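The values are calculated or read from the model by the stated rules, or taken from the named source; none is laboratory data. What you see is a predicted model; the values in this text were computed from it and never measured. Cβ coordinates were reconstructed from backbone atoms using ideal geometry, including for glycine residues, and neighbour counts include every protein chain displayed. The accessibility values were calculated without ligands, DNA or RNA, using every heavy atom of the protein model including side chains. Shrake-Rupley method; radii C 1.70, N 1.55, O 1.52, S 1.80 Å.
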Amino acid sequence: MAPREAIEDHLRSGEPLDRQASMVIRGAPIDSEGLLRNAHATSRRYTRAGEPFVAISAEMTIAGWTLESILAGPRLRTRRTYASVRAGVVLDAGFELLATFSAPHNSVVLPSYDVETKELLSTLFGEAQRNIYFGRSEPT
């Protein structure tokens, strides 16, 4: 296995987060098993403060990024379905949001690495919605 990278090398800063207006968007898979796989893969690749970084990937509506631009963008237009939840709901449930890699990517940090946590996160995202931009070759 390749050495893990420090997530600290991939953090962005200075982006305001509106707990009520900012949406956390996750492309499929959204079920707890899919989240488990994503969290496991992330923990095998990255560390935070020297420990495995247990988080899932998501996108966030931040300045300059709307739900539509994210769904039509290069990362999510490859996903048939997505789910979204207000940032404040995620934070209030005990998850941390870190601006990682290039905007609008964020990491949803799991407070613990267990089935209950992943099921809670899956429940927060709710029902999957159809991505009307799926399969388009260029953003609209």
(message) I need the calculated FRET efficiency for the pair residue 68 and residue 102, taking r as the beta carbon distance and R₀ as 22 Å, to the nearest 0.05.
(response) 0.75
(message) In whole Hz and in residue order, list the ³J(HN,Hα) couplings for segment 6-11 that follow from phi through the Karplus curve 6.51 cos²θ - 1.76 cosθ + 1.60, θ = phi - 60°; x for Gly and Pro.
(response) 7, 4, 4, 6, 10, 8
(request) Pop a pseudo-label 7 angstrom from the Cα along the beta-carbon direction at both residue 5 and residue 116 and give the gap in nm to one decimal. (result) 3.4
(request) Give the long-range amide H neighbours of residue 6: residues separated by 5 or more places, or on another chain, with amide H under 5 Å away, using H modelled in the peptide plane at 1.01 Å from N. (result) 47
(message) Computing the accessible area with a 1.4 Å probe over protein heavy atoms, can you report the carbon and sulfur percentage for the chain?
(response) 52
(request) Kindly express, to the nearest 10 degrees and within the range 0 to 90, the angle between helix 32-45's C-alpha long axis and the longest C-alpha principal axis of the chain. (result) 60
(message) So if I take the centroid of the Cα atoms in segment 49-87 and the same for segment 94-129, what is the distance between those two points in Å?
(response) 10
(request) Mind listing the long-range amide H neighbours of residue 96? Cut-off is under 5 Å, sequence gap 5 or more, other chains count too, H placed in the peptide plane at 1.01 Å from N. (result) 109
(message) Given contacts defined as C-alpha pairs under 8 Å and at least six residues apart, what's the relative contact order of the chain, whole-number percent?
(response) 33
(request) Would you rank 31, 9 by solvent-accessible area, highest first, keeping every protein chain in place and using a 1.4 Å probe? (result) 9, 31
(request) Determine the sum of side-chain charges near residue 11: Lys and Arg each +1, Asp and Glu each -1, restricted to other residues whose C-beta is under 13 angstrom from that of residue 11. (result) -3
(message) Kirkwood hydrodynamic radius, the chain, all distinct C-alpha pairs: what's the number in Å?
(response) 15.2
(request) Working from Cα positions, state the angle (0 to 90°, nearest 10) between the long axis of helix 115-125 and the longest principal axis of the chain. (result) 20
(request) At 1.4 Å probe size, with every protein chain present, just tell me what the per residue accessible area of the chain comes to in Å². (result) 54
(message) Could you compute the net charge surrounding residue 130? Neighbours are other residues with a C-beta less than 13 Å from the C-beta of residue 130; K and R count +1, D and E count -1.
(response) +2
(request) Could you go through segment 99-112 in sequence order and give the Karplus-derived ³J(HN,Hα) for each residue, using 6.51 cos²θ - 1.76 cosθ + 1.60 with θ = phi - 60°, rounded to whole Hz, and x for Gly and Pro? (result) 6, 10, 6, 8, 4, x, 5, 9, 10, 9, 7, 7, x, 8
